[in-house]
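I have placed the structure first, in the form of structure tokens, so that the comments after it can refer back to it.
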Number of protein chains: 2
Amino acid sequence: MARRIVELLRTGQPDESVTIQGWVRTKREQKGFSFIEVNDGSSMAGLQVVINQTVPGYEEAIKRLSTGASVEVSGVLVPSLGKGQRIEVKADSVAVFGEADPETYPLQKKRHSFEFLREIGHLRSRTNTLGAVFRVRNACATAIHQFFQDQGFLWVHTPVLTASDCEGAGEMFAVTSLNLKQVPMTAQKEVDYSKDFFGKPTYLTVSGQLEAEIMAMAFSNVYTFGPTFRAENSNTSRHLAEFWMVEPEMAFCDLEGDMDLAEAFLKHIFKQVMATCPEDMEFFNARIDNSVLATAENIINTEFERLTYTDAIAQLQNAGKTFEYPVEWGLDLQSEHERYLAEELFKKPTIVTDYPTEIKAFYMRLSDDEQTVRAMDILVPKIGEIIGGSQREERLDVLERRIRQQGLDPADYWWYLDLRRYGTVPHAGFGLGFERLVQFMTGMGNIRDVIPFPRAPLSVEF
Amino acid sequence: MARRIVELLRTGQPDESVTIQGWVRTKREQKGFSFIEVNDGSSMAGLQVVINQTVPGYEEAIKRLSTGASVEVSGVLVPSLGKGQRIEVKADSVAVFGEADPETYPLQKKRHSFEFLREIGHLRSRTNTLGAVFRVRNACATAIHQFFQDQGFLWVHTPVLTASDCEGAGEMFAVTSLNLKQVPMTAQKEVDYSKDFFGKPTYLTVSGQLEAEIMAMAFSNVYTFGPTFRAENSNTSRHLAEFWMVEPEMAFCDLEGDMDLAEAFLKHIFKQVMATCPEDMEFFNARIDNSVLATAENIINTEFERLTYTDAIAQLQNAGKTFEYPVEWGLDLQSEHERYLAEELFKKPTIVTDYPTEIKAFYMRLSDDEQTVRAMDILVPKIGEIIGGSQREERLDVLERRIRQQGLDPADYWWYLDLRRYGTVPHAGFGLGFERLVQFMTGMGNIRDVIPFPRAPLSVEF
């Protein structure tokens, strides 16, 4: 049975008989023997194989084994004389599964731009950088589940298809089984949704929060981890039309508990990824962004700064800096302001709390003076906001009033209001954009390079 | 800090000071004191609390503490005299967060039909049965991740939004940002997709398999676990428009390896759930379906039956039974046939392999005689097919021919074909409908009762 290369690199011992399977990264022919480096995706580094010309079928195999070809090698581990490798395989037999014609295979051994690699999204995971990204992505995802499961949170699957709009704020994709060439209309010249699959306008969710609140009112602590969508026409390096979001929701929890959990959560993920993917993280630090390891260190070992929005505004006004956007109590913080706080002023993750009521969603808990709500954003260097959360409004009368004030109809929120009518409790939660996290962790510049198959305006390949 | 009730029930010791938070399930008033049972969703059983009239605010609290009210209790653990409970809390203080008016709260202590509970999907998770379902669902999901992560598989997030149709078989939802009231048309009277968000017709995925194959060709072993969609107009107890699917994909793997993995996978999940949710599983066995524990036992301890489709047809023809649908080589197996094999003939999970080429998808590996493909379905009692998988066609020329034979255009599959052009390897995988698994495990009769917010024709509430 074939062994994973990452395990052999870590614990393989000379004289062990092994079989490995993978793809050729490089080949060097010498007189009487050849070296190939075989990678199976389990680690950044491949395993070096020495194939002597006495191995059966040597000539034919070496001819076919160019970069990208698939191969199975059986042999014995021996100490390696090569630089940076402890062991290598001395081959007894070599079987080629599939070739990769050097004339046409796009991934020859040279640097490719990330733009070019996006065009070959079906092959780009075979490169060092994207390989490292997706291993780290998996490690992040696993660390997230582990963090919550260890504390008894239930993973709840909130729906992708929804007839309600979480924040009352457009930008949603419509989902339909109607024939777009001939949309049925009513006598009133409206779309006749009675003919549609769900009998009413249906959208792709922008957040699972409201449904997560339902589940928290039964199980106390829950989290979602699934895809969410924005039909925002932003062709930037920071936006995706489809992205994964993590949204924990905790009953019997206030904003302080929310912040404590979010901070512990980020620390846990960074610690876990550093432990499981050390080589990949070193690679990012060496090749992509030389602050990656320092950032991880900073997240893990530093207590996050916490201050109110009001104090943050004062800090920004006294910064002695000219910002592009105005700094004034009541206006939202822009990316430049967030980055100033996290990167320059505090030089660590910074939690800003208690934002003006006017600029935040209706479900956030109103403070006694009604000027602010119990919201919190976690700002980090380079990325800006990475987590947004709040204590939720648990008082039925206040929530109804807030819904009306935002021009929404409480009747549309009957079930959300019922949660406050029957056994309401203080509760809180937050949302983390998963791709932003992976970007932050790896230093990758474009969010399209941290998700296997990015969706963006005019971009839905593979 | 509040403690989780499941932990106190398992390991709490007399004289421990504790605080618990949760919702009242039942209340019994006696002369001079009252009992309440508090549930926080961490377990089926709640924790009994004795509140003496000497506790501050006793009268007022007891008046408000009806079924569904939320409460925080601090006190001391004491041995319980009640039947079936080891310990209870003697309250020192009681704080009521929110009431649940007995006149209107729909979940009074009596049996409710599952149909009725679906109408109050925002409250039904507070019942014993749905509570148990979603704890088991979480345990299943966690066991799935654990199984794959322990073996070095990467969790890959394949896209929900897609421009390609995995199996060439309709029934997909369309996703659009066009205004349905006024769909832009071209001069040729076709929908002008150049005005749509993605610039082309876009759908909700029915499977992540093809993209998972891309990732397997870079990382060897991967799995998807995410939502998939069918616009099938089936209003049954077995179909959902949105459901979660698990799809592992293994490079360097043939059909035997695929079956071995699938069998080990099911065994692992059942074992894990029995270990983490024993009380919930006992409950299902006692209240929902008295074969639940025997089924789990059977899955865990029995070697699955394996036979070819050809042999299965012979068995069915010799069964001495009248089936509703014909049994004939070349026709697909119907649910009644599948259930006969698993329930009556073999009385255990049964893997049927090597189905006729004509009735299976183009990507399954063609046998030498071209009459069959290397497909496998795992059939289980009551549910029928729970897993469907295959070894994939890894030969470029054969795959191209098969695509053409199905009336599809190889150009639409350029990237899928590239996987065979560059470093192709034998590979295999399978798909598991996650809700079917939870149904099978819990004995729940309707698939809508094993997903928090079911989506089906005309059904998109919450």
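The values are calculated or read from the model by the stated rules, or taken from the named source; none is laboratory data. Worth saying up front: this structure is predicted, and the values here are computed from it rather than measured. We place every Cβ from the backbone using ideal geometry, glycine too, and count neighbours over all the protein chains shown. Note: areas computed on protein heavy atoms with side chains; ligands, DNA, RNA excluded. Shrake-Rupley method; radii C 1.70, N 1.55, O 1.52, S 1.80 Å.
Quick notes
- On a per residue basis, the protein assembly as shown carries 40 Å² of accessible surface, using protein heavy atoms and a 1.4 Å probe.
- For the stretch A:5-98, alpha-carbon Rg over 2.2 N^0.38 Å: 0.96
- For the pair the stretch A:218-235 and the stretch B:1-67, the centres of their Cα atoms are 34 angstrom apart.
- Which listed pairs, of A:Lys321/B:Lys195; A:Lys195/B:Lys321; A:Lys63/A:Lys110; A:Lys200/B:Lys360; A:Lys348/B:Lys195; B:Lys90/B:Lys271, have C-alpha distances above 32 Å, in listed order: A:Lys321/B:Lys195; A:Lys195/B:Lys321; A:Lys200/B:Lys360; A:Lys348/B:Lys195; B:Lys90/B:Lys271
- Amide H contacts of B:Trp155 (H built 1.01 Å from N, under 5 Å, at least 5 apart or other chain): B:Tyr223
- Angle in degrees between helix A:278-287 and the longest Cα principal axis of chain A, rounded to the nearest 10: 90
- Shape of chain B, Cα gyration tensor, a/c cut at 1.5: prolate
- 3J(HN,Hα) from dihedral phi, the stretch A:296-308, Karplus parametrisation 6.51/-1.76/1.60, rounded to Hz, x for glycine, proline: 4, 4, 5, 5, 5, 10, 10, 6, 5, 6, 10, 8, 7
- Partner chain coverage, peptide B:178-189 - average Cβ within 10 angstrom: 3
- Counting only Cβ charges, +1 for Lys and Arg and -1 for Asp and Glu, the dipole size of the stretch A:1-71 around its Cα centre is about 200 debye.
- In order through the stretch B:326-339: 3J(HN,Hα) via Karplus (6.51 cos²θ - 1.76 cosθ + 1.60), integer Hz, x for Gly, Pro: x, 10, 7, 4, x, 8, 6, 6, 8, 3, 4, 5, 4, 6
- Rounded tilt (10° steps) of A:209-219 against the dominant C-alpha axis of chain A: 90
- Residues with amide H under 5 Å from that of A:Ile387, placed H, sequence gap 5 or more: A:Ile378
- Legend: mean number of C-beta atoms from other chains within 10 angstrom of residue C-beta atoms, peptide A:217-229, equals 6.
- As a size descriptor, the averaged projected area of the C-alpha convex hull of the protein assembly as shown was calculated at 43.5 nm².
- For A:Asp397 and B:Ser291, a Förster radius of 45 Å and the Cβ-Cβ distance give a FRET efficiency of 0.35, rounded to the nearest 0.05.
- Share antiparallel - DSSP beta bridges, the stretch A:136-250, percent rounded to 5: 85
- For the pair the stretch A:274-299 and the stretch A:382-423, the centres of their Cα atoms are 39 angstrom apart.
- Karplus-derived 3J(HN,Hα), 6.51/-1.76/1.60, for each residue of the stretch A:256-264, Hz, glycine and proline x: 5, x, 4, 5, 4, 5, 4, 5, 4
- Magnitude of the charge dipole for the protein assembly as shown, about its Cα centre and with charges confined to Cβ atoms of Lys, Arg (+1) and Asp, Glu (-1), is about 560 debye.
- A DSSP coil position with no more than 12 other Cβ atoms inside 10 Å describes the following trypsin sites (Lys or Arg not before Pro) in the stretch A:175-252: A:Lys189.
- Per-copy distances of the A:Asp260 label point, shortest first, in nm (7 angstrom along Cα→Cβ): 4.9
- Shape call, the stretch A:336-462: gyration tensor on alpha carbons, a/c limit 1.5: oblate
- Gain on full extension, evaluated as 0.36 nm per residue between A:Arg238 and A:Ile300 minus their Cα-Cα distance, stands at 19.9 nm.
- Kirkwood radius, the stretch B:327-391, all distinct C-alpha pairs, inverse of mean reciprocal distance: 12.1 Å.
- Rounded tilt (10° steps) of A:128-150 against the dominant C-alpha axis of chain A: 50
- Accessible surface of chain A, 1.4 Å probe, proportion on carbon and sulfur as whole %: 47
- Beta bridge orientation in the protein assembly as shown: antiparallel %, DSSP, nearest 5: 90
- Residues of the stretch B:418-462 with amide N under 15 Å of a point placed 7 Å along Cα→Cβ from A:Lys200: B:454-462
- The stretch A:237-261 and the stretch B:136-207 have Cα centres spaced 24 Å apart.
- Cα-based shape type of the stretch A:395-462, given that a ≥ b ≥ c are square roots of the gyration tensor eigenvalues and the cut on a/c is 1.5: prolate
- The amide H of A:Trp244, built 1.01 Å from its N in the peptide plane, has A:Thr228, A:Phe434, A:Glu435 as neighbours under 5 Å, considering only residues 5 or more places off or on other chains.
- For the chain pair A and B, buried accessible area totals roughly 8700 Å², probe 1.4 Å, rounded to the nearest 100.
- Longest site-free stretch - chain A; sites: GluC sites (Glu not before Pro), DSSP loop, at most 11 other Cβ within 10 Å: A:191-302
- Shielding score for A:314-323, defined as the mean number of other chain Cβ atoms within 10 Å: 0
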